[in-house]
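The values are calculated or read from the model by the stated rules, or taken from the named source; none is laboratory data. Predicted model only: the values in this text are computed from it and were never measured. Counting neighbours? That spans all protein chains shown, and the Cβs are built from the backbone with ideal geometry, glycine included. Ligands, DNA and RNA are excluded from the accessible area calculation, which covers all protein heavy atoms including side chains. Shrake-Rupley method; radii C 1.70, N 1.55, O 1.52, S 1.80 Å.
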Amino acid sequence: MTAMNRKFFWLLTIFLLASIHLADAQQPTKIPLIGRLAVASHSSELARMEALSQGLRQLSYVEGKNIVIEWRFADGKLDRLPALVAELMRLKVDVIVTAGSTPTRAAKAATSTIPIVMGNDNDPVGDGFVASLARPGGNITGLSNFAPELSGKRLEILREVVPNLSRVAILGTSTNPGHAQVIKEVELTAKAFGVKLQNLDVLDSKDIETAFRAASKGRADGLLVLTSAILVPQRVQLIELALKNRLPAIYSNSQFVEYGGLMFYGVNVLDLDRRAATYVDKILKGAKPADLPVEQPTKFEFIINLKAAKQIGLTIPPNVLVRADKVIK
């Protein structure tokens, strides 16, 4: 090779290397794509959506700038969940965040590789989502809202608010994770206070009106509404029926009170949604769901809706009112 050819060869090599480096530099950074799956409708999930977005913003993620979220809603139709999960998988999302045990189950059935973050779940171990809270062991981790002892506390609050409380109707769904343990806790408290319980199993939204008729026939003077994938989406109907029947009710989901229900005591779900963002962040930075312990609830709140109390002619005792974290007037 002549000196001129050698010079040409090196110049060509330098040019090609520079071109490759420039091409690499021009490659756009991949923006993380998150899928968020919920049973409820878009309108009823707004607060929870904002909580997740807020949690991500606190970790320097700005939606549309350095992270993209694909929101999917089943509008209360559980049979839509598999198709919605399939959509997220086709989009090749990096993480799926679920809003409850039902969407988590749908996501788990569809993938064992895409990381899944539970926004909240009643019983992650009992549901078979994780091997243990400390060592999940698979592609699922996140937050648990399982605190069955809170149901006993709700009955205690209801007893403080309703004079001479003697009969309480419980609206729940027996197929809901953790239902049996929650009922057991309520029964222990009821026995201590001498309160009779009427368990009304709601397995379909069509059962709700029947349940209220049964509560009326059973002369219930208080109502305890448990969380379930059937009851939460039907909260407006439940609230209206409780008010119509002048039944003082305490709910296990804060959205009921925000929509006009009387009282809520329980886990702050919006706090869980904000904390779900920390799991997303860790996974995007390389952590494996199998190694991220499931967090249990640490923040609880008590909300009273005075408008609802007025509608049913109920006066909230001052010693109860003063304990509320939030009072809706």
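Say we join alpha carbon atoms closer than 10 Å with springs in a Gaussian network model of the chain; which of L46, L165, L292 then has the biggest fluctuation? Taking springs between Cα atoms under 10 Å, the residue moving most is L46. Taking a ≥ b ≥ c as the square roots of the eigenvalues of the alpha-carbon gyration tensor, the stretch 126-260 is classed prolate because a/c is 1.5 or more and a/b outweighs b/c. In this structure, V236 and T113 have a Cβ-Cβ separation that, at R0 = 45 Å, corresponds to a calculated FRET efficiency of about 0.70. Accessible surface for the stretch 203-292, divided over its residues, is 40 Å² per residue with a 1.4 Å probe. Overall, the ratio between the Cα radius of gyration of the chain and 2.2 N^0.38 Å, rounded to two decimals, is 1.28. D207 contributes an accessible area of around 50 Å² to the protein surface, as traced by a 1.4 Å probe with all chains present.
Heavy-atom accessible area for S112, with the other protein chains in place and a 1.4 Å probe, reaches approximately 90 Å². Per-residue surface analysis assigns R213 an accessible area of about 150 Å², computed on protein heavy atoms at 1.4 Å probe radius.
Modelled spin labels at E50 and R90, positioned 7 Å past Cα toward Cβ, are 3.2 nm from each other.
For the peptides 254-263, 113-122, residues were scored by their other Cβ atoms within 10 Å and the scores averaged per peptide; the highest-first order is 113-122, 254-263. For the stretch 265-329, the alpha carbon convex hull comes to 97 Å³ per residue, rounded to a whole number. In the context of the full set of protein chains, the stretch 24-115 has a per residue accessible area of 50 Å² (1.4 Å probe). Placing a pseudo-label 7 Å from each Cα along the Cα-to-Cβ vector at L59 and T210 gives an inter-label distance of 4.4 nm.
Note on the chain: with neighbouring protein chains present and a 1.4 Å probe, carbon and sulfur make up 55 percent of its accessible heavy-atom surface. Taking Lys and Arg as +1 and Asp and Glu as -1, the other residues whose beta-carbon sits under 12 Å from that of A309 total +4.
Rounded to the nearest Å, what's the spacing between the alpha carbon centres of the stretch 100-130 and the stretch 191-222? Just the number, please. Taking the Cα centre of the stretch 191-222 as reference, the centre of the stretch 100-130 is 30 Å away.
Between R219 and A83, what is the FRET efficiency for a Förster distance of 51 Å, r being their Cβ-Cβ separation, to the nearest 0.05?
It comes out at approximately 0.70.
Count the net charge of all other residues whose Cβ sits under 14 Å from the Cβ of L247, scoring Lys and Arg as +1 and Asp and Glu as -1. Net charge around L247: +3.
Between R135 and N199, the FRET efficiency from the beta-carbon distance, with R0 = 35 Å, is close to 0.50.
Length gained on full extension, V320 to A180: 47.5 nm, using 0.36 nm per residue less the C-alpha separation.
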